[in-house]
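So the structure is just underneath, and the comments pick up after that.
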Amino acid sequence: MKISRRNFLKGSLITLFLSGYNFPVYSYSKKKNLVVIMLRGAMDGLTAVPIIGNNDFKKQRKNLVLEKSLKLNSDFALNPRLINFYDLWKNGMGTVIHATNIPYTKRSHFDGQNLMETGSRTPYAIKTGWLGRGMKLSNLERNSLALSLPIPLLLRGVPKNDNYYPTKGKLPRKEILNILKSVYSDRSEKDLVEILEIIQKKSNNYSNYKLSTNNKILGYEAGKELAKIDGPRVAVFEVNGFDTHVSQGGVDGTHSDCLDEIDKIIKSLKKGLGKQINNTLIVTLTEFGRSIKQNDALGTEHGYGTAILMAGGILKKKQVYTDWPGLKKKDLFEGRDLNSTIDSRSVYASAMSAVFDIDFKLIKEKVFWGENLENLSEKLFKV
């Protein structure tokens, strides 16, 4: 069977990565966590957070308009499949950034996903992720763990990042590893010796982890780890399936099913975190949005502007933060897509500044190469 780009992006596989262990934290009040949920395939911001009472939108999506929704304010509503996000919203722990995207307009999944993880403007020019670089800047680089293969590009750039993938095979015996260490330690192979030490730790520390693609299990386990005072400070999830060219549907459609996966992760994270949800920020990340007009297959095409969902106690308040561009044809990007008026990298840079307690200007210079990003920290977060 030939694998096309579209087939490659189908499905709703969910994986989890945990990073930033053993950061010197002395009290729960000082430990803040960042959770990124990567949404592969291009999440439709207007299915997640539709505009209320817009006739231009209704005409373009006669078969895709949500039958019901949850009101956020006078202008925007929420897909009812995001009910757990809505519960956090009502308690002041939910925010939506609308009409936003990375500065990429070519609509290629592979290029777009590369850029959403690197934070660059040029596909494949950078080998590290913006989150990895931010963690390195924050000294979150010791004994990191990813519960999957491979470590995502988003997290790369942190020295000594580690991963664990349970298999039926067994790790080498401790005696063998000790022999290898002794051989190479005499040859100043410092990095190799450190890698061998990491392998030894795996058999002792990670043997209880069970690989799962069940979002409830992954979210709950991640929440419990993040809640530990000596646990990780960063978790990254991946959810596939948002490339809905065919039969996108409404509330019970394929795209809303993917939103339901996000919502289940949020629910289980909250359960695992307990009170630490107050010191945690959850953000979504996707490569671009989807076209305004439905296609002949009752789906949507690749677009531009989309939305970011954020949840957790680090948020300043419940709000839909947007510089809304409008949905008339003259307002659309290339006459077909929701425009992007907010560089999403400004949101992620501000998020890292708030969670990692690093000056925004430093993140802007060291992580995003001095790009012209707006500091949104005071508008979005408790700082």
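The values are calculated or read from the model by the stated rules, or taken from the named source; none is laboratory data. Just so you know, these numbers come straight off a predicted model, no measurement behind them. All Cβ positions, glycine included, derive from the backbone under ideal geometry; neighbour counts span all protein chains shown.
A few remarks follow.
- Residue that is nearest to residue 98 (Cα to Cα), among those in the stretch 339-351 that are part of a helix (DSSP H, G or I) and of a type outside the set (S, T, N, Q): 347
- Test: residue in the stretch 206-220 that is surrounded by 21 or more Cβ atoms within 10 Å (Cβ to Cβ), at pLDDT 85 or above and in the same structural domain as residue 19 (by TED's automatic domain parsing): yes
- Considering the stretch 352-379, and only residues there that are outside any loop (DSSP other than H, G, I, E, B) and hydrophobic (A, V, I, L, M, F, W, C), the residue that is surrounded by the fewest Cβ atoms within 10 Å (Cβ to Cβ) turns out to be 362.
- Restricting 21, 26 to those that are at pLDDT below 95, closer than 25 Å to residue 224 by Cβ and in contact with a Pro (Cβ under 8 Å, 6 or more places away or on another chain) reduces the list to 21.
- Selection status of residue 282, part of a helix (DSSP H, G or I), assigned by TED's automatic domain parsing to the domain that holds residue 77, of a type in the set (Val, Ile, Thr) and under 20 Å from residue 344 (Cβ atoms): no
- Filter pass, residue 267 being part of a helix (DSSP H, G or I), basic (Lys, Arg) and closer than 17 Å to residue 80 by Cα: yes
- When residue 321 is tested against (1) surrounded by fewer than 24 Cβ atoms within 10 Å (Cβ to Cβ); (2) aromatic (Phe, Trp, Tyr); (3) farther than 18 Å from residue 97 by Cα, exactly one condition is not met: (3).
- Single unsatisfied condition, residue 52 versus (1) buried (at least 17 other Cβ atoms within 10 Å of the Cβ); (2) β-branched (Val, Ile, Thr); (3) more than 26 Å from the chain's Cα centre (by Cα): (1)
- Test: residue in the stretch 227-234 that is assigned to a helix (DSSP H, G or I), in contact (Cβ under 8 Å) with a residue 40 or more places away in the chain and in the same structural domain as residue 61 (by TED's automatic domain parsing): yes
- Every residue from the stretch 286-338 that is part of a strand (DSSP E or B) and among the aliphatic types (A, V, I, L, M): 307, 308, 309, 310, 311, 315, 320
- Which listed residue is closer than 25 Å to residue 33 by Cβ, in the same structural domain as residue 244 (by TED's automatic domain parsing) and modelled with pLDDT of 95 or more, from 344, 340: 344
- Residue that is surrounded by the fewest Cβ atoms within 10 Å (Cβ to Cβ) [pool: residues in the stretch 40-49 that are part of a loop (DSSP other than H, G, I, E, B) and aliphatic (A, V, I, L, M)]: 49
- When 329, 318 are checked against the criterion of being in contact with a Ser or Thr (Cβ under 7 Å, 6 or more places away or on another chain) and in the same structural domain as residue 76 (by TED's automatic domain parsing), a single residue qualifies: 318.
- The set of residues in the stretch 67-103 that are of a type in the set (Phe, Trp, Tyr) and part of a strand (DSSP E or B) contains only 76.
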